[in-house]
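**Student:** Have a look at this one before I ask anything.
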Amino acid sequence: MSTWYERGVFYHMYPLGMTGAPKHNENTEITHRFDQLNRYIPHLNQLGFNAIYIGPLFESSSHGYDTRDYKLVDRRLGDNSDFKEFVALCHQSGIKVVVDGVFNHTGREFFAFRDICEKRWDSPYKDWYKGVNFDWQSPLGDPFGFEAWQGHFELPCLNLFNPAVRQYLFDVIRFWVNEFDIDGIRLDCANVLDFNFMKELRRETAAMKEDFWLMGEVIHGDYSRWVNPEMLHSVTNYELHKSIYSGFNDHNFFEIAHNVRRLEAIGRELYTFVDNHDEDRIASKLTKRDHLAPVYMCLFTLPGIPSVYYGGEWGVEGKRTRTSDDDLRPAISMDQAETLHCPLTDLIGKLGHIHAENPEFHAGRYQELLLTNRQYAYGRWDGDSLIVTALNSDDNPAAISIPVPVNANTAVHLLEPELEEVPIENGKINLTVPGNWGAILKIKGGSK
């Protein structure tokens with residue numbers, strides 16, 4: 001029996017942006033904005049999503065990754081009871097909830113950092129941060145120096161080698177599980193976190209809740225160093241993200257197929273996406289907007305756990321600038337859903353349900369069947385059951401002949417069930433795929 005996350009179809013929420021919260025947390029009062037997020041839940045059910053990655057959530061000073069308090073929901077969004085209700089509503093609708101765990105660094109208003117500022121070398125927390133040095137001041141005027149994440153001194157790095165820091169963070173996670181009933185954590189900056197910390201984290205969280213999921217933000221490197229039975233269940237598949245938009249822009253399916261083959265050993269476990277809160281929207285990255293449809297078909301049918309960033313279902317555009325990520329994180333209310341609704345919305349809804357309902361896409365083996373610059377076909381296996389995806393990135397229809405490695409007579413369209421069954425003749429499916437489109441075919445009967 002597969003786990004919930006192997007069957008997961010994720011929706012990625014950046015709540016501070018979605019709700020139009022102020023960029024800086026300067027007010028003392030709590031503003032209850034979770035009602036806006038609660039209204040998304042029926043929408044997600046309708047589109048076939050069964051999991052949410054939401055974050056950052058906890059009390060911070062600005063963008064959410066400069067944490068002030070790990071045990072308080074950011075007052076710009078609401079209070080702890082608001083988030084608890086949100087998770088309960090999600091669970092009632094069959095949706096799991098994964099939150100951001102920002103454990104590499106805190107903000108400068110975090111209690112331990114403030115204590116060092118006040119007491120300096122007499123602070124019991126002076127070893128909670130990396131590189132604390134009382135012989136110099138930080139560029140922001142703090143009375144000591146410290147190691148900052150990528151030189152951003154508003155983000156002092158925690159010392160995860162300190163057992164007291166690790167225990168504090170494990171207690172925080174236990175609080176999140178007990179108080180909010182979360183189902184997993186996405187580890188911010190997992191690429192620079194201490195491996196022993198992540199191993200201990202895996203053991204600790206496994207004891208807190210069955211099937212608790214750990215996913216890490218990793219951009220480059222050998223993903224299997226992080227994804228293994230001792231550490232994380234998954235990491236962000238930036239390699240596939242890059243190869244998808246590049247492969248479509250360059251009319252080069254070989255780039256995508258090469259990446260899938262290279263990651264075959266762990267590809268089914270990776271968290272796959274085409275955009276997120278740090279990357280330009282896929283609708284802005286693509287040279288041809290018409291490629292959005294086959295791009296999302298790729299996302300939902302290739303190995304991996306698919307995730308759609310909020311607004312993606314409406315083809316929202318947005319690019320980061322040299323000084324701002326605001327266009328990647330716009331305020332979008334469900335009041336706009338009817339106006340924003342487009343054919344892509346319906347397509348993503350179909351793909352979401354197809355992925356959720358067919359075990360071939362959960363942990364199914366991948367097999368490449370046909371590959372040219374502009375046409376690409378592959379199968380996903382579940383035992384003897386096979387689903388074939390055929391994609392065409394050309395503007396014109398493409399007649400293709402796909403070898404089928406099963407003994408069967410027909411295949412049925414999953415994406416467009418109103419179409420007639422496709423015969424399998426001489427071990428091949430002969431199919432005409434419309435321009436900038438694809439087909440998803442389930443083989444009826446037969447065996448390998």
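**Student:** If the viscosity is 1.567 mPa s and the temperature 4 °C, what Stokes-Einstein diffusion coefficient in µm²/s follows for the stretch 166-225 when Rh is the Kirkwood radius over Cα pairs?
**Tutor:** Taking Rh from Cα pairs, D becomes 107 µm²/s.
**Student:** Top to bottom by accessible area (1.4 Å), largest first, where do LYS242, LYS23 land? Before the final figure, lay out the partial values.
**Tutor:** Values: LYS242 95, LYS23 125 Å².
Of LYS242, LYS23, the descending order of accessible area is LYS23, LYS242.
**Student:** Rounded to the nearest angstrom and ordered from largest down, what semi-axes does the equivalent ellipsoid of the stretch 262-335 get from its C-alpha gyration tensor (root of 5λ)?
**Tutor:** 23, 14, 13
**Student:** If amide hydrogens are placed 1.01 Å from N in the peptide plane, which non-local residues have theirs closer than 5 Å to the one on GLY364?
**Tutor:** none
**Student:** With every protein chain in place, what's the accessible area of GLU109 (1.4 Å probe, Å², nearest 10)?
**Tutor:** About 100 Å², rounded to the nearest 10.
**Student:** To continue, here is another question. Quick one: Cα convex hull volume of the stretch 341-385, Å³ per residue?
**Tutor:** Numbers: hull volume 3.9 nm³, N = 45.
So the per-residue hull volume is 88 Å³.
**Student:** Could you state how much accessible area ASP115 has, in square angstrom rounded to the nearest 10, with a 1.4 Å probe and all protein chains kept in place?
**Tutor:** Surface open to solvent at ASP115 totals about 20 Å².
**Student:** Another question, if that's okay. Quote the FRET efficiency, to the nearest 0.05, computed for THR31 versus ASP327 with a Förster distance R0 of 22 Å and r equal to the Cβ-Cβ distance.
**Tutor:** Values: r = 23 Å, r/R0 = 1.05.
About 0.45, to the nearest 0.05.
**Student:** Still on this structure, I have one more. Would you mind computing Rg(Cα) / (2.2 N^0.38 Å) for the stretch 1-136, counting N as its residues?
**Tutor:** Numbers: Rg = 17.9 Å, N = 136, 2.2 N^0.38 = 14.2 Å.
Ratio of Cα Rg to 2.2 N^0.38 Å: 1.25.
**Student:** Please give, to one decimal in nm, the separation of the simple spin-label points placed at PHE161 and ARG374, each 7 Å out from Cα toward the Cβ.
**Tutor:** 5.7 nm
**Student:** Taking the Cα centre of the chain as the origin and placing charges on Cβ (Lys, Arg +1; Asp, Glu -1), which of LEU414, PRO139, TRP176 is farthest toward the positive end of the dipole?
**Tutor:** Sorting the options by dipole projection puts first LEU414.
**Student:** Excluding MET334 itself, what net charge comes from residues whose Cβ is under 13 Å from its Cβ, given Lys and Arg +1 and Asp and Glu -1? Could you put the intermediate results ahead of the total?
**Tutor:** Working: positive: ARG33, ARG39; negative: ASP35, GLU313, ASP335, GLU338.
With Lys, Arg at +1 and Asp, Glu at -1, the neighbours total -2.
**Student:** How do 301-311, 120-130, 338-348 rank on mean C-beta neighbours within 10 Å, highest first?
**Tutor:** 301-311, 120-130, 338-348
**Student:** Nearest 500 deg cm²/dmol is fine: what mean residue ellipticity at 222 nm does the chain get from its DSSP H runs of n ≥ 4 alone, each adding -39,500 (n - 2.57), divided by its residue count?
**Tutor:** Mean residue ellipticity, 222 nm, calculated: -8000 deg cm²/dmol.
**Student:** Of the options TRP128, ALA363, TYR53, report the single residue whose Cα projects farthest towards the positive end of the charge dipole of the chain (beta-carbon charges: Lys, Arg +1; Asp, Glu -1).
**Tutor:** Going by the charge dipole, the pick is ALA363.
**Student:** Express in Å², to the nearest 10, the accessible area of CYS117 obtained by rolling a 1.4 Å probe over the protein heavy atoms while all chains stay in place.
**Tutor:** My reading of the accessible area for CYS117 is about 20 Å².
**Student:** Ordered by packing density, taken as the mean number of other Cβ atoms within 10 Å over each peptide's residues, highest first, how do 415-423, 64-72, 90-98, 49-57 rank?
**Tutor:** Highest mean packing first, the order is 49-57, 64-72, 90-98, 415-423.
**Student:** Would you kindly calculate the mean projected area, averaged across all directions, of the convex hull enclosing the Cα atoms of the stretch 189-339, in square nanometres?
**Tutor:** 10.8 nm²
**Student:** Please work out the Kirkwood hydrodynamic radius for the chain, using every pair of different C-alpha atoms, and report it in angstroms with one decimal place. Before the final figure, lay out each step's value.
**Tutor:** Numbers: mean 1/r = 0.0432 Å⁻¹.
Roughly 23.1 Å, rounded to one decimal.
**Student:** Can you give the alpha-carbon Rg of the stretch 302-448 over 2.2 N^0.38 Å, where N counts its residues?
**Tutor:** This ratio for the stretch 302-448 stands at 1.22.
**Student:** While we're on this one: Taking the Cβ of TYR223 as the center, what net charge do the other residues with Cβ under 13 Å away carry, scoring Lys and Arg +1 and Asp and Glu -1?
**Tutor:** Neighbourhood net charge equals -2.
**Student:** Given Cβ point charges of +1 (Lys, Arg) and -1 (Asp, Glu) and nothing else, what value in debye, to the nearest 20, does the dipole of the chain about its Cα centre take? Spell out each step's value before the answer.
**Tutor:** On the way: 44 positive and 64 negative charges, 138 e Å.
For this selection, approximately 660 debye.
The values are calculated or read from the model by the stated rules, or taken from the named source; none is laboratory data. What you see is a predicted model, and the numbers here were worked out from it, not measured in a lab. Every residue, glycine as well, gets a Cβ built from its backbone with ideal geometry; the counts of neighbours run over all protein chains shown. Ligands, DNA and RNA are excluded from the accessible area calculation, which covers all protein heavy atoms including side chains. Shrake-Rupley method; radii C 1.70, N 1.55, O 1.52, S 1.80 Å.
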